[in-house]
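Colleague: Dumping the structure here so I can ask a few things about it.
The values are calculated or read from the model by the stated rules, or taken from the named source; none is laboratory data. Predicted model only: the values in this text are computed from it and were never measured. Cβ atoms come from the backbone with ideal geometry, glycine included; neighbour counts cover every protein chain shown. Accessible surface is based on the protein model in full, side chains and every heavy atom, while ligands, DNA and RNA are left aside. Shrake-Rupley method; radii C 1.70, N 1.55, O 1.52, S 1.80 Å.
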Amino acid sequence: MISQVRRFNRTVTQRIGALDEAFLSRGRPLGQARLLWEIGPDGSDVRQLRARLDLDSGYLSRLLRCLEADGLITVTQSEADGRVRMAQLTSAGQAEREELDRLSDDAAQSILGPLSDRQRGRLVAAMADVERLLIASAIPITPADPRRPAAQACLRAYFSELADRFDHGFDPAQSISAGDAELTPPAGVLLVATLHGEPVGCGAVKLHGTGPAEIKRMWVSPVVRGLGLGRRMLASLEAHAAAAGASAFRLETNHALAEAISLYRSAGYREVAAFNDEPYAHHWFEKTLPG
């Protein structure tokens, strides 16, 4: 599998011109061209550029200086916040971006042109599938302090979605607690998934020694749903709980969350009698580790 991935990477980098010193014959390498396109007509926060493209800050600074020296961009401090640097296209930069767009369309046509209609359909469908899988592989899941902004952003989004989907809304104060202290080791753990530095999912587990661990706060952003992140998050929570000595996992959920119920069942959870008095729950599930 590793050999196939490497072969694919070699084919793609050669076919799209990533090896050329002057990408699309415009006198600059692919990195500079991509950055010019990413800045866009409305400009961009330099920190957001770095996160969006997963670039080292030093390398990004060198790319920006090259584009600035060519008169294609300006980099200035934001008027609203002096700590923020903004990259903006000049008129020459906008013209160059438009030319890159035209040449990129031509390059895409050169890939599709020699193929039959059926082959084009297969290629485009395969590209869409590969893109989604590559995005999925770029999402790390790591423990996070529940008090940090990324964790808080996930929890707010989770509560907001439950309030929209539950029959009578959702008030976390009325639910069984999963507060900051309960989600901080050794009492528990909160995991946060990020994509290009932005939080896109979370999950938590409350630990009770060798007793059943409680899975809580499972949420995946709509922008990355369908990538298997929920299943990965659940498996990661189980692994953390098992490493802490838990021999079983428990969770409860609302009947409005049909996709979550399907996930739990397919992950080996069986429905059991209510084991707590969670007011928003209609289903209770348990999974026991073998042995």
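Colleague: Would you mind getting me the FRET efficiency between R120 and D56? Use the beta-carbon distance for r and R0 = 35 Å, nearest 0.05.
Modeller: The value I calculate is 0.45.
Colleague: Per residue, how many Å² of accessible area does the chain show with a 1.4 Å probe?
Modeller: Computed with neighbouring chains in place, this is 57 Å² per residue.
Colleague: Between the DSSP loop rule and a limit of at most 12 other Cβ atoms within 10 Å, which chymotrypsin sites (Phe, Trp or Tyr not before Pro) in the range 205-278 are left?
Modeller: none
Colleague: Express the carbon and sulfur contribution to the solvent-accessible surface of the chain as a percent, rounded to the nearest whole number, probe 1.4 angstrom.
Modeller: Exposed carbon and sulfur together represent 54 percent of the surface.
Colleague: Tell me, which cysteines of the chain are without a disulfide-compatible partner by the Cβ under 4.7 Å rule?
Modeller: When partners are defined as cysteine Cβ atoms under 4.7 Å apart, the chain leaves C66 without one.
Colleague: Oh, and also: Highest mean first, what order results for 128-139, 18-29 on Cβ atoms within 10 Å?
Modeller: Output ranking for 128-139, 18-29: 18-29, 128-139.
Colleague: Shifting gears a bit: Output ³J(HN,Hα) for the range 163-169: one whole-Hz value per residue in order, computed from phi by the Karplus curve 6.51 cos²θ - 1.76 cosθ + 1.60 with θ = phi - 60°, and x for Gly and Pro.
Modeller: Once θ is set to phi - 60°, the couplings for the range 163-169 become 4, 6, 8, 6, 4, 10, x Hz.
Colleague: Ordered by packing density, taken as the mean number of other Cβ atoms within 10 Å over each peptide's residues, highest first, how do 75-85, 43-53 rank?
Modeller: Taking the mean over residues of other Cβ atoms within 10 Å, the ranking is 43-53, 75-85.
Colleague: For the range 187-204, just list the computed ³J(HN,Hα) in residue order, Karplus coefficients 6.51, -1.76 and 1.60, θ = phi - 60°, integers in Hz, with x standing in for Gly and Pro.
Modeller: Couplings: 5, x, 8, 10, 9, 10, 9, 10, 10, 6, x, 9, x, 10, x, 7, x, 9 Hz.
Colleague: Something else about it: Given points 7 Å out from each Cα along the Cα-Cβ axis, report the S160 to A136 separation in nanometres with one decimal.
Modeller: So the label points at S160 and A136 sit 2.7 nm apart.
Colleague: First check a/c for the range 150-291, with a ≥ b ≥ c the square roots of the eigenvalues of its C-alpha gyration tensor; if it is under 1.5, answer rounded, and if not, answer prolate when a/b is larger than b/c or oblate otherwise.
Modeller: Rounded shape, in that the Cα axes give a/c under 1.5.
Colleague: Further question: Work out, in µm²/s and without decimals, the Stokes-Einstein translational diffusion coefficient of the range 1-115 at 25 °C, 0.890 mPa s, Rh from Kirkwood over C-alpha pairs.
Modeller: Roughly 158 µm²/s, to the nearest whole number.
Colleague: Quick check: convex hull over the Cα atoms of the chain, volume per residue in Å³, rounded to an integer?
Modeller: 196
Colleague: Sticking with this one: How much length is gained if the chain between D180 and R15 is pulled fully straight, taking 0.36 nm per residue apart and subtracting their Cα-Cα distance, in nm to one decimal?
Modeller: 54.4 nm
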